[in-house]
Amino acid sequence: TIKTMPVLQHIYQQMTEPKLRITRTYQVQPGSYDLISNLRIENLSPDPLKAQLNIAGPTGIPHEGQQRDTLKVFAAFQSGTQVESQFMDTAKMKKAVDKNKPEDLTFAAKQTLPFLWAAITNKYFTAIAYPSTALSQSMTGFLTARYYPENPGVRHSENCSFVLKTGTFELAAAGDSSSAVEVGINLYLGPKDKKVFENNPVYQALSFFQTIDFSSCCCPKAIIGPLAFGIVWLMNTLYHAMGPLGNYGIVIMIFVFVIRLALHPLTKSGQVQMMKMQKMQPKIQEIQKKYASNKQEMQRQMMLVYREGGVSQFMFMVPMMIQMPIWIALWTAVYMNVDLRGQGFLPFWITDLSGPDALFRFPPIDVPLIGELSSFNLLPLLMGVVMYLQMKLTPQAQTAQANPEMAQQQKIMSIMMVAMFPIFLYNGASGVNLYIMSSIAAGVVEQMVIRKHLREKQEQEEATLVPTTIKLAKFKKKKPKPFFRLDK
């Protein structure tokens with residue numbers, strides 16, 4: 001026992017002596033959104049070591065507003081001269097966790113490309129982790145999203161983060177010049193603001209603006225993105241041009257008016273086509289009944305009717321197809337513009353365009369379909385009234401004469417839309433609701449003007465027609481007298 005004691009002491013000493021020293025330093029610069037972080041790993045043992053790091057990303061980014069915000073994890077990679085990014089929202093993460101599929105939480109599709117940065121985002125803000133040195137970038141090559149489910153006792157506590165896994169690096173024995181390595185991972189903690197990203201050469205080179213995920217709906221992001229960025233720039237320019245009177249609520253309404261005015265010819269063309277098609281409904285219904293067993297002949301007869309009436313089904317869709325990307329881009333610009341956060345419209349109403357208008361508040365209650373109800377929001381109710389007026393202006397007489405059952409179904413669907421929109425948008429951002437209500441109200445006025453113009457035009461055309469009577473229809477032309485007469 002006495003002989004083996006030194007051996008045990010040596011083993012114990014080796015086990016208790018530190019092998020690595022990890023030092024992490026932080027630096028915050030005034031006036032900057034950057035948190036500079038440096039991680040130094042140093043080998044303290046007399047033997048070479050291999051090390052690998054799992055670096056947990058930032059977490060705890062809050063939800064914006066009363067509604068559940070869509071939190072996302074982004075990852076960006078170098079693809080040639082371009083920066084490619086992809087994201088994963090909390091709904092997808094939750095699905096992967098519920099199905100016990102951890103592989104669905106990895107960004108495997110871009111794993112072979114050089115890593116540039118990773119981020120977590122909410123509606124207006126982001127936390128972006130990016131390697132600050134070439135060595136750090138070459139070490140980082142694997143990214144996994146991390147999901148934190150909602151705490152039942154805390155509303156909107158669902159959250160997400162990510163884990164950066166470095167490659168394996170070798171540390172020489174203590175005292176050697178290569179016994180330590182430094183990994184620099186900086187953090188951008190700030191707004192998703194394109195102006196900020198463009199004014200910083202590092203942010204611009206790394207394409208941080210890709211964290212601004214514009215909702216493209218049914219249109220390509222390659223179209224919606226530039227349009228939305230352009231509208232945001234114009235909105236901010238107009239706001240600053242107003243000087244002390246700058247008001248983003250007024251800017252939103254001006255934009256709605258200007259875009260309505262610019263798209264008026266297309267809207268009018270679509271309205272003309274729609275009215276012509278409504279007048280043809282009785283004939284179309286007759287053809288559908290007559291040729292129900294012969295689809296090919298039915299299509300031919302319908303095309304003849306459309307041609308005679310000067311209606312093109314394709315031209316009917318063109319105005320809508322052109323207008324849709326513009327309206328989606330405007331809606332997205334209003335929804336995602338961080339400059340609207342905290343900006344008011346009126347001092348007594350709509351004091352924050354990024355939240356509900358909240359005419360007055362009361363203790364929160366839970367309401368089905370709406371969720372938390374803690375204020376009386378007037379704007380969604382006004383929006384429902386304007387939508388109802390728009391529905392009443394939509395003519396359905398021709399459809400009702402041709403197919404009363406279809407007309408009844410359309411009426412029920414319209415009423416449901418009028419009811420559901422204010423319900424789903426009740427706790428929505430007042431800037432978005434102001435945009436929707438202004439757009440619908442402007443559309444109602446525009447529709448009235450167009451229909452009045454078309455009605456006057458039709459009356460003028462009818463006034464120029466020569467009326468026909470029964471006497472005129474029975475009028476007979478006299479036979480011309482011959483130049484000479486032959487007597488018997």
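The values are calculated or read from the model by the stated rules, or taken from the named source; none is laboratory data. Everything quoted here is computed from the prediction, not taken from an experiment. When we count neighbours, we look across all protein chains shown, and the Cβ atoms used for this are built from the backbone with ideal geometry, even at glycine. For accessibility, only protein heavy atoms count, side chains too; no ligands or nucleic acids. Shrake-Rupley method; radii C 1.70, N 1.55, O 1.52, S 1.80 Å.
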Please specify each residue of the stretch 238-279 satisfying the condition of being outside any helix (DSSP H, G or I) and without any contact (Cβ under 8 Å) to a residue 60 or more places away in the chain.
MET242, GLY246
Taking ASP339, is it part of a helix (DSSP H, G or I) and modelled with pLDDT of 85 or more?
yes
Of all residues being part of a strand (DSSP E or B) and open to solvent by 40 Å² or more (accessible area, probe 1.4 Å) in the stretch 36-61, which is nearest to LYS72 (Cα to Cα)? Just the residue, please.
ALA56
Would you mention how many residues in the stretch 150-198 are more than 27 Å from PHE214 (Cα to Cα), of a type in the set (S, T, N, Q) and not in a loop (DSSP other than H, G, I, E, B)?
1
Restricting attention to the stretch 170-188, and to residues there that are buried (at least 17 other Cβ atoms within 10 Å of the Cβ) and either free of Cβ contacts under 8 Å to residues at least 40 places away in the same chain or among the hydrophobic types (A, V, I, L, M, F, W, C) (or both), which single residue is farthest from GLN29 (Cα to Cα)?
ALA174
Touching a helix residue (DSSP H, G or I) at 6+ places or on another chain (Cβ under 8 Å) and surrounded by fewer than 18 Cβ atoms within 10 Å (Cβ to Cβ), is that true of THR70?
yes
Suppose the filter is of a type in the set (S, T, N, Q) and modelled with pLDDT of 85 or more; does ASN151 pass it?
no
Out of all the residues in the stretch 262-284, is one or more exposed (fewer than 14 other Cβ atoms within 10 Å of the Cβ) and either of a type in the set (A, V, I, L, M, F, W, C) or in contact with a strand residue (DSSP E or B) (Cβ under 6 Å, 6 or more places away or on another chain) (or both)?
yes
Quick check on TYR248: is it modelled with pLDDT of 90 or more, touching a Gly at 6+ places or on another chain (Cβ under 8 Å), open to solvent by 20 Å² or more (accessible area, probe 1.4 Å) and not β-branched (Val, Ile, Thr)?
no
Any chance the stretch 77-95 includes a residue that's among the small types (Gly, Ala, Ser) and open to solvent by less than 30 Å² (accessible area, probe 1.4 Å)?
no
Which condition from (1) without any contact (Cβ under 8 Å) to a residue 12 or more places away in the chain; (2) within 26 Å of GLN323 (Cα to Cα) is the one that ALA292 breaks?
(2)
Applying the selection to the stretch 366-406, what residues are of a type in the set (Gly, Ala, Ser) and modelled with pLDDT of 65 or more?
GLY371, SER374, SER375, GLY384
Within the bounds of the stretch 417-435, is there any residue that is crowded, with 17+ Cβ neighbours inside 10 Å, assigned to a helix (DSSP H, G or I), over 20 Å from the mean Cα position of the chain (by Cα) and modelled with pLDDT under 85?
yes
Filtered residues of the stretch 22-47 (kept if within 15 Å of SER178 (Cβ to Cβ) and not acidic (Asp, Glu)):
ARG40, ILE41, ASN43, LEU44, SER45, PRO46
Name the single residue that is nearest to the chain's Cα centre (by Cα) among those in the stretch 199-209 being among the polar types (S, T, N, Q) and not in a helix (DSSP H, G or I).
SER207
Is one or more of the residues making up the stretch 220-235 outside any helix (DSSP H, G or I) and open to solvent by 20 Å² or more (accessible area, probe 1.4 Å)?
yes
Which condition number in (1) in a loop (DSSP other than H, G, I, E, B); (2) under 28 Å from PHE169 (Cβ atoms); (3) of a type outside the set (Lys, Arg) is the one that ASP69 fails?
(2)
Determine, yes or no, whether ALA292 is over 39 Å from the mean Cα position of the chain (by Cα) and either within 27 Å of VAL444 (Cα to Cα) or not in a helix (DSSP H, G or I) (or both).
yes
Return the only residue of THR140, THR126 being modelled with pLDDT of 90 or more and under 30 Å from GLU182 (Cα atoms).
THR126
Applying the selection to the stretch 335-354, what residues are among the β-branched types (Val, Ile, Thr) and either open to solvent by 50 Å² or more (accessible area, probe 1.4 Å) or free of Cβ contacts under 8 Å to residues at least 12 places away in the same chain (or both)?
THR351
